[in-house]
1. All but one of (1) modelled with pLDDT under 85; (2) in a loop (DSSP other than H, G, I, E, B) hold for residue 9; state the number of the condition that does not hold.
2. Looking only at segment 42-55, filter to residues that are under 18 Å from the mean Cα position of the chain (by Cα) and surrounded by 14 or more Cβ atoms within 10 Å (Cβ to Cβ); which one of those is modelled with the lowest pLDDT?
3. Select from segment 103-148 the residues that are at pLDDT below 60 and in a loop (DSSP other than H, G, I, E, B) and write down the one among them that is surrounded by the most Cβ atoms within 10 Å (Cβ to Cβ).
4. Within segment 56-77, can you find the residues that are farther than 14 Å from residue 90 by Cβ and within 17 Å of the chain's Cα centre (by Cα)?
5. Residue by residue through segment 77-87, note down the ones that are touching a strand residue (DSSP E or B) at 6+ places or on another chain (Cβ under 9 Å) and surrounded by fewer than 17 Cβ atoms within 10 Å (Cβ to Cβ).
6. Residues of segment 78-92 being at pLDDT 90 or above and more than 9 Å from the chain's Cα centre (by Cα), which ones?
7. With segment 20-94 as the region, which strands (runs of 3 or more DSSP E) entirely inside it contain at least 1 residues that are touching a residue at least 60 places away in the same chain (Cβ under 8 Å)?
């Protein structure tokens, strides 16, 4: 098979946007990262430093061939057509829902997952904020009554 130039590769790719999040499937694992198939079968690379927020010893510790992942496009090199991807700070649906009770949603076409622990934490924070707010309003009302 003849090799394609960067321009030929770029012409066959669907429009991907830097900064956007896409669904992908892990095609190959390498010591330095993972090759991902993006929409339209376009390949991209997640460097090992972009797989997780913390240190990982080996790509195989985190990913397997065939895994479905969400990735953010970091760069698209015009000349070569190479696409750099990141999984950092992109919520992975597989990280959650081990018990099947997580809630899924989308904000600006970005998947968002809320686990029961996160929801409970939010409820506690909301109650604390409501109490603090009520106490402050009561204090303001008391001061206003004294001034009259």
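The values are calculated or read from the model by the stated rules, or taken from the named source; none is laboratory data. For clarity, every value in this text was computed on a predicted model and none was experimentally measured. In this analysis, Cβ positions are derived from the backbone assuming ideal geometry, glycine residues included, and neighbour counts consider all displayed protein chains.
1. For residue 9, the exception is condition (2).
2. Here is the first cut: in segment 42-55, the residues under 18 Å from the mean Cα position of the chain (by Cα) are 44-55.
Narrowing the set further to residues that are surrounded by 14 or more Cβ atoms within 10 Å (Cβ to Cβ) leaves 44-48, 50-52.
Values: 44: 95, 45: 95, 46: 95, 47: 94, 48: 93, 50: 93, 51: 89, 52: 84.
Out of the qualifying residues, it is 52.
3. This residue is 115.
4. Within segment 56-77, the first condition is being farther than 14 Å from residue 90 by Cβ, and the residues that meet it are 56-61, 64-66, 75-77.
Hit for segment 56-77 is 75, nothing else.
5. Going through segment 77-87, the residues touching a strand residue (DSSP E or B) at 6+ places or on another chain (Cβ under 9 Å) turn out to be 77, 82-87.
77, 82, listed by residue number.
6. Selection gives 82, 83, 84, 85.
7. Details: elements: 21-30, 33-37, 43-47, 68-76, 83-86.
Qualifying strands (runs of 3 or more DSSP E): 21-30, 68-76, 83-86.
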